[in-house]
1. Taking the criterion of being under 20 Å from ILE158 (Cβ atoms) and touching a Leu at 6+ places or on another chain (Cβ under 7 Å), would at least one residue in the stretch 2-24 satisfy it?
2. Let me confirm something: among GLY25, GLY18, which residue is surrounded by fewer than 13 Cβ atoms within 10 Å (Cβ to Cβ) and at pLDDT 95 or above?
3. Looking only at the stretch 187-218, filter to residues that are assigned to a loop (DSSP other than H, G, I, E, B) and loosely packed, with under 12 Cβ neighbours inside 10 Å; which one of those is nearest to the chain's Cα centre (by Cα)?
4. Can LYS42 be described as of a type in the set (Lys, Arg) and within 19 Å of the chain's Cα centre (by Cα)?
5. Residue check: is GLN119 within 21 Å of LEU150 (Cβ to Cβ) and either in contact (Cβ under 8 Å) with a residue 60 or more places away in the chain or of a type in the set (Phe, Trp, Tyr) (or both)?
6. Which condition from (1) in contact (Cβ under 8 Å) with a residue 60 or more places away in the chain; (2) on the phi > 0 side of the Ramachandran plot is the one that GLY82 breaks?
7. Please identify the pairs in which a residue from the stretch 64-78 that is in contact (Cβ under 8 Å) with a residue 24 or more places away in the chain and farther than 13 Å from PHE98 by Cα has its Cβ atom under 7 Å from the Cβ atom of a residue that is part of a helix (DSSP H, G or I) and not aliphatic (A, V, I, L, M), counting only partners at least 6 apart or on another chain.
8. Could you check, for the stretch 49-59, whether at least one of its residues is among the polar types (S, T, N, Q) and without any contact (Cβ under 8 Å) to a residue 40 or more places away in the chain?
Amino acid sequence: MDPAYLAEITEYIAMGMGVTLKVFGVTLLFSIPLGILCALGKLSSFRIIHAVLGVYTWIFRGTPLLLQLFFTYYGLPIITGGAIQLGPEVAAYITFVFNYGAYFTEIFRAGIQSIGRGQYEASKALGMSPWETMRRIILPQAVKVILPPLGNESINLIKDTALCSVIAVTEILKNAKRIMSRDFDITALVIAALIYLALTFIVIQVFRHLEKRYSYYSIK
């Protein structure tokens, strides 16, 4: 294999990594707070909020992410008569945030519920408000439970960004497919796979570090 050719196609494929990382970063930046808020909503005593959030998580966890991308990019303009027309990247951001927000909602809900009632009672005895209890007592301990599934979802997110290619987002896989179609060679796909492996390896290492950092919390 010609080294010059490998360098050329690797550079071109890597150009799509910027978009991949943007989708990854924007999704985590907005879906994690969304997941926390929705988890707290599902744990609240307000039945309407609980029902609405139940429908939200059911829809976004129960339908394929690919279908959701198609709906956001192609379906919204049809439904709204052209009033809402989103660019490919914006459609990807919105879809990924709501999709992963639904998964993170259940992860955070389970993590918060794993904390024993004694923690709430102790913080109440110390005169803490419900918000202080959640921020200073519950969430720091829940992080230990949340991190492993959160890490798994982050790895899935890196891989799922490849789906953006179906709505013309120029990311890693899109560039690799262009080269493969041009040269009738699968080398571009192998390079794309190596890039995804490198990115997932970094995510794994980051979450391993976070798990060690929070390992001093013990759930009673």
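1. Scanning the stretch 2-24, I find at least one residue that is under 20 Å from ILE158 (Cβ atoms) and touching a Leu at 6+ places or on another chain (Cβ under 7 Å), so the answer is yes.
2. GLY25
3. Only one residue fits best here, namely SER215.
4. no
5. Yes; evaluated as a whole, the condition is true for this residue.
6. (1)
7. Filtered contacts from the stretch 64-78: TYR73/PRO88.
8. no
The values are calculated or read from the model by the stated rules, or taken from the named source; none is laboratory data. Bear in mind the structure is a predicted one, so any value in this text is a computation, not a measurement. We place every Cβ from the backbone using ideal geometry, glycine too, and count neighbours over all the protein chains shown.
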